[in-house]
Each structure stands twice: as structure tokens, then as C-alpha cells.
Amino acid sequence: MGYTITEKILMTHTDLKEIQTGQLINARVDIALGNDITAPIAIKEFRKAGGKKIFDQNKVVLVLDHFTPNKDINSAMQCKFVREFALEQKVTHFYEGGNVGIEHALLPEQGIVLPGDLVIGADSHTCTYGGLGAFATGVGSTDLAAAMLTSELWFKVPQSMKFIISGNLQKWVCGKDLILYIISRIGVDGALYKAMEFTGETISKLPMADRLSMANMVIEAGAKNGIFPPDAITKEYVEKKAKRKYTFYSSDADAVYSDVIEIDGSKIEPQVAFPHLPSNVRGVSAAGNVKIDQSLIGSCTNGRIEDLRIAAQILRGKKAAAEVRLIVVPATPAIYKQALQEGLLEIFMDSGAIISPPSCGACLGGHMGILAAGERAIATTNRNFVGRMGHPQSEVYLASPAVAAASAILGRIASPAELA
Amino acid sequence: MIYKGRVWKFRDNIDTDAIIPARYLNTSDPKELAAHCMEDSDPQFVNKIKTGDIILGGENFGCGSSREHAPIAIKEAGISCVIAKSFARIFYRNAFNMGLPIFESAELWAAIKEGEEITVDSSAGTITTTTEGRTFRINPIPPFMEQLIADGGLMKHIAKKW
């Protein structure tokens, strides 16, 4: 019986000769990630357990991206606490200030996470790195503390679901639409405890930015990890970034899946997740007249340069509606600079946008884009739970950068096709 | 272990923003987090509960972010244990790792009313209502998870061999 790519990566990080789904294993961790919200608890647990030295200064990554630039005194104190730990432990990959980017855009961009890696992060969207063909999963702060101390963590080998996607995507349809569509098909716990493996002719042509964006949201279906078997597109993305060895794994032909789901990608139009679940999805043509107060283009899901290019293509020479606050958040300093050099920032500013420094703030209702009671936002982010971006009586609609840009112009949820 | 308390019922898909909104994550102080436990689901929750009370969730309890602040807020608020039809996986890990007892029961949610008092006997694997004496089974806890609980959480568990 063969193995899935997820099983292979897990097994090669143990001393076991064979593994099976449902088995509890201790596996070695290549990268362990924390941020300004989750690392403080992990550091306290690490110290409480008598931890003096992290297992490897090159493998623990600390990114102060959530409530930065520091939104208040408490946030500043949390960042200071993590900074002091990072300096004391000589953490190589410590990011703050002008170096900081949104972690799940930053780590692939900097070549810190690579294909074949086993990555844990005290942040639920750590699953993003499955786009590279890594096993990556979100854990809690105590898990991070254990990994920082011992280099290992416990895992249950998950069952895998296979998604085979075929057909040419329609204009304006991207990875975000595919993953929203899939979440709407299987539900917010449709992949609970499982791996979601993406294959098929559509996937084999799908750019890396879209793969990362899809893998980012598998947690919204309850999955443990999402994974794209690495290929030529992966090679092109990582070969210039990698500063260490990496391995391409693939699933065996006789690997076992709990479910195999085939999807005709050519039938999918741009998707919108209505409040208050990522599975509450409609095609944009069925959105109706939903007026918006804010459009947010950014986040670990859709704040990459490719996303900004699409938004700029739609916003070029046009204005955001007077009643809409358009906020653009380049996800990393490199993306910010690239957008500046390509003239995208000028397009955004001319359209009336606010350009935010890289930060998770607005997406999780932390700062820099909070909604008032009764307000509605369209956002290229990943969650639309009650109160996610602010007041419990505000609403978040999830969509692609193309839909968010078109909606900003028209002042209501709209397809970019309406602007043609 | 025995956990006895009144039941507070919540819907399916209670996410971690509903347990502890992100606006309060600028601290990891358990007492401050507990003061806002379940605030966006029920603003009066922390004023209504008594120590030992029990949260009863539906499917996929604790979905969303990885914030361990969620089980910390619940535990510090005085909730003795959480029962749900199912749990999201990071919340499930976090609860065992930091020592918040959680149990799965598919049938309890539909069978009892909010405010009813129940007793959970984790070693017998049963839930019993105080007034009518009705009994429900809880799903068995995997042996490794039992070991984590017995050791007092993940850090104490790994300290044994570290």
C-alpha cells in the first residue's frame, strides 16, 4: 500500500519505517513559528519547563506582525517580551520594524520554509506552506514551546482527501475562488483532522501565489494541512530562494484517500463568502445589492504582489466610491517595494486607497481598519466570523482581490466583469 | 475525575473569536482574558456562570485561530469542562496540552436544556443529569490524551523524558 505526500513527509521526520493513518507519532520539526500574540505564552511555557536554550536558532522563527506597528502599550509590551527572547536566544529569523511582513507571505518569500519541510506554527494559517509541498500545520502556544525545547512534536497521521480540479479557469477566477468554492462544498468541518491534497490539470498550471492562497484557507474547512505536490512551478519559485537542501515528495499511485472529489474548475465564477462562515458562499452574480463601507485588499491569503497587480489592473484610472474606505496592505516589505517600483501604489493612491504597512491588524480586528456596528466590509482575508474585523454587529464578506477592487469602485459587492 | 455544574449551551461552529475576541489578545494574562470569555456570543456570560459550570457546544467547537488564549479564558473563568458534538483540531490539541478537560458527546446537546445540572464522570465515561438521572456516554479519550491529562499537560509530559 502506498503513501500520500503528507504521510511521506511525516514519516521521513521520524525514525519509523512505516506509518498508518490515525497513528500517533513524534516527528522532528524543521521550522517552528510564533508571532507577537502566540509567542509570549510559548516563551513563558518554555521557561516554566526549565528551557534555557531553543533547539536550533535557525529553526525557530519569530515574526511580530499582528498588532504591529504596536497598536497600544500592551501590544508594545508583548513585542518587547518576544524581542528580548529572540535576542537572548540569537534567533536568526526574527522580524520586526521595517523587516516585518505578514508571516505566511514572508516565510515562503524569504526561502525560510521549503518543499518537504515539516513546519509547525502557533498561528492557524501556518497551513499556507502546503502550497510549496511542505507539511505545515497550525498549533497552539504550548505546542510551540514543546517544539522549541525538544525539536519534536506529537502528531496524529491524518487521513487525506484528494481534490482533482480540471478545466480552464474563467477570467477573474483565481485560487481564492477555488478554495471558497471547495469550502462551500464540504463545509467548515468538511476536512476536520484531515489533509487536503490538490491535484489535477488546473492545479498543475496554477501559479504559486494562488496555491499559497488556497493552502492558506484549508483550516477554514477544519483541515490539518493542505498540500500541493511540488512540480516545475514549485521549482521555479524556490530554487533562487532556498539556502538549504529541500526535497520534492509525491503521493504514490496506490496511496489511500478517505475521499476523492472531482471539480470542474471551468464552471466556477468569482465567489463571495457571506457572513458569518467561510462556507456561506455564493457566486458573485448571485450576491444581490450588498452595499459596503470598506474594502480590504491584503492579508496572508491575498496580499502578494500578484494580488496587488490584479487589484491595480481594475482600479487603474478609477476611484473608490466616496462612501468606501479602500485599504491596501502589501504583505511584506519586498512586496511593498515591488508595488512601488511597478507604480501600483500610485494607482491605489489615485483611486483613493489607504496604503497600510504590512500587518495582520485589520484582518483580525486588531487595528488599522476596524469596523463599527452595522458596517460591512469586503475583504480578501480568510475569516468572516462574528466580530472578526471589529464590532460584533459588523459584517465581513470574503472574496478575491479582483472582486474586492471592483466592489470598492461600485460601492457594493460586484464582479469585475461589471466594469468592462 | 468528576465535573459537576450547570450547562451553558452554544451553537455549532463556535470560533475562537467568539470565545475570546482578538481585540483582547494584547495580553496573555489569564484573568484579563477570562473577563471577556464568550463575550461576543453572550455579553453577560461571565456574570451568569458559577465556578464548575460546563460549556456545551455543537459541532466544530473552537474553530478558527490557534490562540491558546481561548482555552485559557474558559478555564480561568471557572468552567470545569467543555462538552461538544465535535471539536476543531487546534482547539482540541490546545485543551489537552494546557489542561482544560474536554469531552465529545453527539447526543447530549439535543437532549438537555440550558441551565440543567449534569455530572461528568471521565473515568466511567458517563454524563448524568442531576434532576432526572438520565445518562449519556462520552466518546472514549485516546490513551495518549489520557496520559497528557494524567501528566498535567504537554510540558509536564515531555519533562518526564526530557
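Brief remarks follow.
- For chain B, the Cβ-based charge dipole about the Cα centre amounts to some 360 debye (Lys, Arg positive; Asp, Glu negative; other atoms uncharged).
- Most mobile of A:I327, A:I263, A:I297 in a GNM of chain A (Cα contacts under 10 Å): A:I263
- The dipole here belongs to region A:5-263: it is taken about the Cα centre, uses +1 on the Cβ of Lys and Arg and -1 on the Cβ of Asp and Glu, and is about 600 debye.
- Amide hydrogen neighbours beyond the local backbone of A:Q57, cut-off 5 Å, H modeled: none
- Taking the three principal axes of the alpha carbon atoms in chain A, the coordinate ranges are 59, 52, 40 Å, sorted in descending order.
- Residue among A:Y237, A:I268, A:V188 farthest towards the positive dipole end of the protein assembly as shown, charges placed on Cβ: A:Y237
- Shape category assigned to region A:216-261 from the gyration tensor of Cα positions, a/c cut at 1.5: oblate
- Summarising the amide proton neighbourhood of A:I227: residues at separation of 5 or more, or on other chains, whose placed amide H is nearer than 5 Å comprise A:M196, A:E197, A:F198.
- Note on region A:300-367 and region A:133-166: Cα centroid distance 31 Å, given to the nearest whole angstrom.
- Dipole magnitude of the protein assembly as shown about its Cα centre (Cβ charges: Lys, Arg +1; Asp, Glu -1), debye to nearest 20: 720 debye
- Measuring nothing but how far apart in sequence close Cα pairs (under 8 Å, 6+ apart) lie, relative to its length, region A:255-338 scores a relative contact order of 26 percent.
- Rounded FRET efficiency, nearest 0.05, which uses the C-beta distance separating A:K235 from B:K48 and R0 of 60 Å: 0.55
- 3J(HN,Hα) along region A:131-139: x, 8, x, 9, 8, 9, 8, x, 9 Hz, from the Karplus curve 6.51 cos²θ - 1.76 cosθ + 1.60 with θ = phi - 60°, whole Hz, x for Gly and Pro.
- Tensor-based shape of region B:19-151 (alpha-carbon gyration tensor, a/c under 1.5 rounded, otherwise prolate or oblate): oblate
- Of the residues A:L344, A:L144, A:L308, the one that moves most in a GNM of chain A with alpha-carbon contacts below 10 Å is A:L344.
- Candidate cross-link partners of A:K53 among the lysines, defined by an alpha-carbon separation under 21 Å and a same-chain spacing of 8 or more, comprise A:K44, A:K80, A:K90, B:K156, B:K160, B:K161.
- Under 5 Å between amide hydrogens, built in the peptide plane, is the criterion, and for A:L371 it picks out A:G390, A:H391 among residues at least 5 positions away or on other chains.
- Contact order, relative form, for chain A: 17 percent (alpha carbon pairs under 8 Å, 6 or more residues apart, mean separation divided by residue count).
- Working note: Karplus 6.51/-1.76/1.60 with θ = phi - 60° gives region A:225-231 the couplings 8, x, 8, 10, x, x, 8 Hz, where Gly and Pro are set to x.
- Per-residue Cβ neighbour rank within 10 angstrom, fewest leading, B:I149, A:I31: B:I149, A:I31
Values in this text are rule-based calculations from the coordinates and carry no lab data. The structure presented is a predicted model; accordingly, all values stated were derived computationally and were not measured. As a convention, Cβ positions derive from the backbone with ideal geometry for all residues, glycine included, and neighbour counts pool all protein chains shown.
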